[in-house]
Structure formats: C-alpha cells, structure tokens
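Undergrad: Here's a structure for you.
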Amino acid sequence: MELKRIGVVGAGTMGNGISQAFAVAGVEVVMTDVAQAPLERGSAAIASSLERLVKKDKLSAADKAAALARIRGATDLAAVKDCELVIEAATENLPLKLKVFAELDRLAAPNAVIATNTSSISISRLAAATQRPERVIGMHFFNPVAVMALVELIRGLQTSQETYALAEAAARRVGKTPVQVRNSPGFVVNRLLCPMINEAVFALAEGLASAGEIDEAMKLGANHPIGPLALCDLIGLDVELAVMQVLFEGFKDSKYRPAPLLVEMVEAGFLGRKTGRGFFKY
Ligand code: 3HC
C-alpha cells in the first residue's frame, strides 16, 4: 500500500527532520506541536536543511518547493485524523509520551499505525497506553535525519507483523535502511553510543583533557566524524541524560550512571546546539 499522508507529533529537531524526509519522498505530512512558535522554528529548520541540499545539487529548487508545500503545520493533535501512520517525536519524557499516546489513540484513525521515535522508552509500555497495542511500533531515526541512513525498527511484545511491514515500507520509502531491534533499554545504537558520550563527560570532569582535545582524540584515533562531546551537543544534553537514566534504571547497573557534570549542565540549561551552549558554544 502506497503511503499518502503521515502525521508527525513534535516539530523539534527529530520531528522536523522526519517531516522533511517524508515530504521529500512525496508523502503529505501533518506536523503538529503545542504552539505556533515551535512549528515556525521547525518549518524554518526544514527550509534551511532543504536549501543545503539544493546548494549541494542533491535536490532541485522545484523539488524543494514541492516538499515544503506537502508539509502542513497544526497546533491541534486532532489534525492527524486522516493519517495512515503517525510518528510521535515529542520530548523524551515518559509521562508526556504516555499522555500523547492516549490522545493519539483517541484521535487517529482506528486502523492507523502509531509509531514513536523514542530513543529509549519501552515500546511495549507505550503500546499498552492505547487500545491498539498491536498497531504501535518504534521507528527510531537518527540526527541529522536528512543525512543518517538508519532507522531502528523496534517491536513491542504486542506489535503485529502487519504493523512491522508498514513501518519497514515507510522507512524504505524515505530511503533509510531499517534494522530490526528487540525492545530493550536504549535499543542498539544508544545502548552503545550514549555510554561512550557519558564517559567522555566523565573524562572532561576529571580533567583528563579539554573538550576540544577529547573530541580531537576520538576523531583522529577512532575515526569518528565528530567527537563525542560535539555529538552530545548535536543530540542535546537533555536527550543524552534521558537515555542514560533509562539505561541506568532499566538495567540497574552502575556502569550506566549519568556523569554528574552532564546532570549539572542540563540543570543549567546548557543543552547543546539548540540553546547555543553545551560543551562548546554556537
Ligand atoms: N540537512 C541536510 N544536509 C545536512 C544536514 C542537515 N541538517 N546536516 C549535514 N548535512 C550534510 C551536509 O550538507 C554535508 O553534505 P555533503 O557531504 O554533500 O558535503 C554532509 O551532511 C556533511 O556535513 P558537514 O560537511 O556540514 O559536516 P560534517 O562532515 O561534520 O558532517 C554530520 C556533519 C553528518 C552531522 C557528521 O558530523 C556526523 O555524521 N556526525 C555523527 C552523527 C551521529 O552520530 N548521529 C547519531 C546521533 S544519535 C541519535 O540521533 C539518536 C538519538 O536517539 C539520541
């Protein structure tokens, strides 16, 4: 079945990236957020990312305009009512996601699939907050969505094969490679990546090296495209902390304890690129 219209909940970094990917692939997108201001910021981010692709000759100006025209912003969640697939990309916070899932269950078409871009929360738990647990799945995209080729597809205990097939087709439609992952804290990528970033924060706090030196060492010594602290700034320190907390609570293993400096920086509001300051200044 050809996907015609999807809904995306949240116009933040991941929500606007996902909206852009589907719009470029020819799918109508309803992008929702709680207020007009985040919707406008999300639309501006999409326009600038598309412009980057035009400048690199990866997209024509006409395709950029067509993609932008396929995205409709809405502050009312009910706008997703005609979507076959709704991808939730709200803030990484369990009570909030449980609330959004209950609302989506009420507002989305009865046969629509509700996917979540959660980076760490249990899919089985979110599915259980709905009356359609078999139609809930994890579709975990990576930042920046326009560039990163992977989508982790996470089945909850309740997820049906039909739902999996729809999510797999959707991931392929936007040119991504799906990898099937069991529902477990942090799935695969964040289970490995976030503890490495957290360890870099410990190293920084211990004065092992400066932020710039830690990043330089990992770029040159491990061939990473950007260093772990710059990557943390890209992901968002709050998101990194949320993942570490889920790993720590999920496995009850002290090796996942969040670095105190990470906690303090989040408390200070130094969340990385999105606030202009993290381990580096922007
Ligand atoms: N939109 C469109 N194109 C973009 C873009 C965007 N938002 N961001 C980067 N690009 C393109 C650039 O135009 C450039 O294109 P080119 O190859 O044709 O020249 C290419 O990507 C590389 O960008 P830059 O030259 O500006 O800079 P870098 O070479 O440093 O690449 C990067 C930037 C792609 C972000 C690279 O540093 C990278 O791959 N970093 C690692 C990213 C990563 O690990 N992401 C996963 C985070 S974990 C996550 O998301 C999970 C979550 O749950 C926590």
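Undergrad: Any idea what the dipole of the range 129-209 comes to, in debye rounded to 20, about its Cα centre with Lys/Arg Cβ at +1 and Asp/Glu Cβ at -1?
TA: 340
Undergrad: Quick one: net charge around M139, please, counting Lys, Arg +1 and Asp, Glu -1 for every other residue with C-beta under 10 Å from its C-beta.
TA: Charge balance near M139 sits at -2.
Undergrad: Let me ask something additional. Quick one: net charge of R191's neighbours, Cβ under 14 Å, K/R +1, D/E -1?
TA: The answer is -3.
Undergrad: Under the definition of Cα pairs under 8 Å and six or more residues apart, what whole-number percent is the relative contact order of the chain?
TA: Contact order relative to length: 14 percent.
Undergrad: Using the basic label-point model (7 angstrom from Cα toward the beta carbon), what is the R72 to S160 distance in nanometres?
TA: 2.7
Undergrad: Mind checking which lysines have their Cα closer than 23 Å to the Cα of K64? Skip sequence neighbours fewer than 8 apart in that chain.
TA: The qualifying lysines are K4, K55, K56, K176.
Undergrad: Could you give the length gained by full extension between E40 and V188, i.e. 0.36 nm per residue of separation minus their alpha carbon distance, to one decimal place?
TA: Extra length available between E40 and V188 comes to 50.0 nm.
Undergrad: Kindly work out what percent of the DSSP beta bridges joining two residues of the chain are antiparallel, to the nearest 5.
TA: Bridges in the chain are about 20 percent antiparallel.
Undergrad: Around R72, with a cut-off of 15 angstrom between Cβ atoms, what is the net charge of the other residues, counting Lys and Arg +1 and Asp and Glu -1?
TA: So the surrounding residues net to -1.
Undergrad: Now for a separate question. Work out, step by step, the length gained on full extension between R172 and S254: first 0.36 nm times the residue separation, then minus their alpha carbon distance; give nm to one decimal.
TA: Taking R172 through S254 to full extension adds about 25.8 nm, to one decimal.
No value in this document is a laboratory result; all are computed from the given coordinates. Note that the structure is a prediction, hence the values are computed from the model and not measured. With ideal geometry, Cβ positions are generated from the backbone for all residues, glycine too; neighbour counts draw on all protein chains shown.
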